[in-house]
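Student: There's a structure below that I have some questions on.
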């Protein structure tokens, strides 16, 4: 080696520290590895699933009254969002809001598990799905509620079409109760389909009292380590979430709540949302308040595609 070369430095790419010439080979290898890693991460991000549109113009939020960070207030008006949207108010949406051809990939199934027999409706790919969404009904509901094409302004028809059109799977199950037995049954259902679609991101949407199951699933070791997002629609809160496997994994949580919900007061759900933010300012959570909306409003009005695409971008 020529005299002086041992202490001479070689200029690296901008932003990286200089290295002695004797370490040049090591530096080049490390730089190449770093570059390859960045390219791989960028490619992975670019290839992340993003749901394609389905009737976005019809299901877009009518107006945003205010928006502050992760908290949004949406304008809701019964005359416009129920009476004008439905052919028969609260019973049958106008034809332009639905596409019933999705029924071709809809099945009413029975799954026998150690937790019991689970009747459920599956829409889309039961194997090799890229995304799985479950809807858990509230008190007095059944698996049929989550696949009714015409109620709730056609919003269930939209999630069915979004899953079928994006290589996904939508599940609407029956379950025994809103306690440990019901949670065990839903966990078994998730396990079954997760094994058949090992690369799928899994999101659980819970309407009203179904939220009790959302929180119980988050707390279970297996389910809490497997689900990738929770949607609480006109639902309840549970402080035990902060000690759950799902919270530790930073699973995204979406809250949709009517400002005049007589069952679960919006102030309580807002307080719980704020408590999540207080635990971690960067925790992935969003709250949409439907001004003047009541108990069932979030099920009718929540933008499935916008919410799920946000969750896909934040899923652990």
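Student: Take residue 112 and tell me if it is more than 22 Å from residue 298 (Cβ to Cβ) and not in a helix (DSSP H, G or I). Before the answer, list the steps.
Tutor: On the way: more than 22 Å from residue 298 (Cβ to Cβ): yes; not in a helix (DSSP H, G or I): yes.
So residue 112 passes the test.
Student: Here's another thing I want to ask about it. Looking at residue 115, is it in the same structural domain as residue 197 (by TED's automatic domain parsing) and under 16 Å from residue 204 (Cα atoms)? Steps first, answer last, please.
Tutor: On the way: in the same structural domain as residue 197 (by TED's automatic domain parsing): yes; under 16 Å from residue 204 (Cα atoms): no.
For residue 115, the condition - in the same structural domain as residue 197 (by TED's automatic domain parsing) and under 16 Å from residue 204 (Cα atoms) - is not met.
Student: The conditions are (1) over 25 Å from residue 305 (Cβ atoms); (2) buried (at least 19 other Cβ atoms within 10 Å of the Cβ), and residue 248 fails exactly one of them. Which is it?
Tutor: Unmet condition: (2).
Condition check ((1) out of contact with any strand residue (DSSP E or B) (no Cβ under 6 Å at 6 or more places or on another chain); (2) buried (at least 23 other Cβ atoms within 10 Å of the Cβ); (3) in a helix (DSSP H, G or I)) across all residues:
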{"residue": "172", "(1), (2), (3)": "no, yes, no"}
{"residue": "175", "(1), (2), (3)": "yes, yes, no"}
{"residue": "191", "(1), (2), (3)": "yes, no, yes"}
{"residue": "213", "(1), (2), (3)": "no, yes, yes"}
{"residue": "268", "(1), (2), (3)": "yes, no, yes"}
{"residue": "276", "(1), (2), (3)": "no, no, yes"}
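Student: Say whether the condition of being farther than 22 Å from residue 302 by Cα, part of a helix (DSSP H, G or I) and in the same structural domain as residue 197 (by TED's automatic domain parsing) is met by at least one residue in region 151-159.
Tutor: There is no residue in region 151-159 that is farther than 22 Å from residue 302 by Cα, part of a helix (DSSP H, G or I) and in the same structural domain as residue 197 (by TED's automatic domain parsing).
Student: Could you tell me how many of the residues in region 59-109 are more than 30 Å from residue 187 (Cβ to Cβ) and not in a strand (DSSP E or B)?
Tutor: 27
Student: On to the next question. Please work out if residue 133 is surrounded by fewer than 24 Cβ atoms within 10 Å (Cβ to Cβ), assigned by TED's automatic domain parsing to the domain that holds residue 295, in a strand (DSSP E or B) and at negative phi.
Tutor: So residue 133 does not fit the description; no.
Student: I've got another one for you. Would you pick out the residues in region 99-139 that are in contact (Cβ under 8 Å) with a residue 60 or more places away in the chain and more than 26 Å from residue 230 (Cβ to Cβ)?
Tutor: 99
Student: Let me ask another. Out of all the residues in region 271-287, which are touching a residue at least 60 places away in the same chain (Cβ under 8 Å), more than 14 Å from the chain's Cα centre (by Cα) and under 16 Å from residue 235 (Cα atoms)? Please lay out each step first, then the result.
Tutor: Our first condition is that a residue be touching a residue at least 60 places away in the same chain (Cβ under 8 Å); within region 271-287, this holds for 273, 277, 285-287.
Next cut, more than 14 Å from the chain's Cα centre (by Cα) only: 273, 277.
The one that is touching a residue at least 60 places away in the same chain (Cβ under 8 Å), more than 14 Å from the chain's Cα centre (by Cα) and under 16 Å from residue 235 (Cα atoms): 273.
Student: To continue, here is another question. Among the residues of region 138-150, how many are part of a loop (DSSP other than H, G, I, E, B) and in contact with a strand residue (DSSP E or B) (Cβ under 6 Å, 6 or more places away or on another chain)?
Tutor: Of the residues in region 138-150, 3 are part of a loop (DSSP other than H, G, I, E, B) and in contact with a strand residue (DSSP E or B) (Cβ under 6 Å, 6 or more places away or on another chain).
Student: Considering 234, 207, which residue is on the phi < 0 side of the Ramachandran plot, in the same structural domain as residue 259 (by TED's automatic domain parsing) and either crowded, with 21+ Cβ neighbours inside 10 Å or at pLDDT 95 or above (or both)? I'd like the intermediate steps shown before the answer.
Tutor: Numbers: 234 fails: on the phi < 0 side of the Ramachandran plot.
Checking each option against the conditions leaves just 207.
Student: Do we have residue 306 as modelled with pLDDT of 95 or more, touching a helix residue (DSSP H, G or I) at 6+ places or on another chain (Cβ under 8 Å) and assigned by TED's automatic domain parsing to the domain that holds residue 169 here?
Tutor: no
Student: Might you check whether a residue that is assigned to a helix (DSSP H, G or I) and closer than 19 Å to residue 246 by Cα occurs anywhere in region 223-232?
Tutor: Among the residues of region 223-232, at least one is assigned to a helix (DSSP H, G or I) and closer than 19 Å to residue 246 by Cα, which makes the answer yes.
Student: Right, here's the next one. Only one of 251, 204 is under 18 Å from residue 131 (Cα atoms) and in a loop (DSSP other than H, G, I, E, B); which? Explain how you work it out, then say what you get.
Tutor: Values: 204 fails: in a loop (DSSP other than H, G, I, E, B).
Only one candidate qualifies: 251.
The values are calculated or read from the model by the stated rules, or taken from the named source; none is laboratory data. Because the structure is a prediction, the values reported are computed rather than measured. Heads up, the Cβs are rebuilt from the backbone with ideal geometry, glycines too, and the neighbour counts pull from every protein chain shown.
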